[in-house]
Amino acid sequence: MVVALLGQLLPGRRGFSSKWLVPLLAGALVSIPVSLLFLFLGSALFVYYTAHPELLPEALRSVDAADRIFPHFIANELPAGLTGLLIAALFSAAMSSIDTSLNSSATVLATDFYRRFVRPDADERRQLRFLRVTSIALGAIGTAVALLMISIKSTLDAWWNLAGIFSGGMLGLFLLGALSRRAGSFAAGIGMVLGLLLLAWAALSPRIEVAWANPLHAFMTTVIGTLTIFLVGVVLSRRHVRQTTPAGKPARTVHDI
């Protein structure tokens, strides 16, 4: 998503349309009940094992073992047929999400960067080879991150930290493209790099316990990154002319809708 938003800020690609608003608002609205569903599952498990504490093994009663309670419930409390269906659904959902992410990321890299800067005259065979290599590389990176997550005590806490880093980058780039008529790829790229570095510091430095650790609450991580990317992009593009579309028309922002 970050790559896609950055690609829309490339020279000649700018053009904010009202068509963006529908999927963005839909995604934002859908994320609310989905998040509530996950929170409901945890609350329901807490209530269930509070009412039946004898069903929860001693090894799973510590805070560090919280992520293992739901798999224990699936394996031991659900009927055999329902357990198999639920596990199959989890695997299918994971596969669907992973292949969508790999395909979309590889396509964005090929369209907005490889064909634009690296090899504009690439034929279909070269593009297909690039897509395959990129998909393999992204898959290897994802696998390595998954293996590193095994040693993390709380997967949910790690997810919130990573989401704070990347969601702040997406929101900052989106606001820059939606509100600034002058911001281009250079300003957006510098802002994204500085914003991601600041986000990584804000999210990870408290775990190291150093003197220069982030003193703010973890909920401020996304706010810090978003403001950094947006303000850096705006400042660096102050002297630039208004961006244009491939047709030579002025780039559209939310002010023009």
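Read-outs throughout are calculated quantities, based only on the coordinates presented, and are distinct from any laboratory measurement. Please read these numbers as outputs of a predicted model, since none were measured by experiment. Cβ sites come from the backbone with ideal geometry, for glycine too, and all protein chains shown count toward neighbours.
Sites listed here are chymotrypsin sites (Phe, Trp or Tyr not before Pro) in the stretch 199-228 whose DSSP assignment is loop and whose Cβ has at most 13 other Cβ atoms within 10 Å: Trp212.
Packing around the peptides 106-113, 57-64, 41-48, taken as the average count of other Cβ atoms within 10 Å per residue, puts them in this order, highest first: 106-113, 41-48, 57-64.
Computed from the Cβ-Cβ distance with R0 of 35 Å, the FRET efficiency linking Ala26 to Arg238 stands at 0.55.
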